[in-house]
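**Q** Below you will find the structure I want to go over with you.
What follows draws every value from the coordinates through simple rules; no lab data is involved. Quick caveat: nothing in here was measured; it's all calculated off a predicted structure. Heads up, the Cβs are rebuilt from the backbone with ideal geometry, glycines too, and the neighbour counts pull from every protein chain shown.
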Amino acid sequence: MSAIMIRPTTLKIDPDTRKREQRFADVRQRSAHWLMLEAFRQDGIKAWNEYQATGLHLTMEEADTWLSQLESGIDADPPGCHV
């Protein structure tokens, strides 16, 4: 069994958005970090359900090619999904 590597990342947001996020976190009695993880999780569930319904997808190679372009400074549009 392999260990899962978890690495922190930083997201820079403007002060107004940060204040709104913190107020929302306080109301929910959760941390801002928890809110972001939950949003990511919910987005993943939505994407999975959409894939199950439509079959539309990208291959890993298509996604890697697009991400490589972005990484090298090319402002490329994401590839279109297909069945």
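**Q** Looking at (1) out of contact with any helix residue (DSSP H, G or I) (no Cβ under 9 Å at 6 or more places or on another chain); (2) surrounded by 11 or more Cβ atoms within 10 Å (Cβ to Cβ), which one does residue 30 not meet, given that it meets all the others?
**A** So the condition that residue 30 fails would be (1).
**Q** Scan the range 28-51 and report the pairs whose first residue is closer than 18 Å to residue 8 by Cβ and whose second residue is assigned to a helix (DSSP H, G or I) and of a type in the set (D, E, K, R), with Cβ atoms within less than 6 Å and a gap of 6+ or a chain change.
**A** Listed by first residue and then by second, the contacts come to 32/21.
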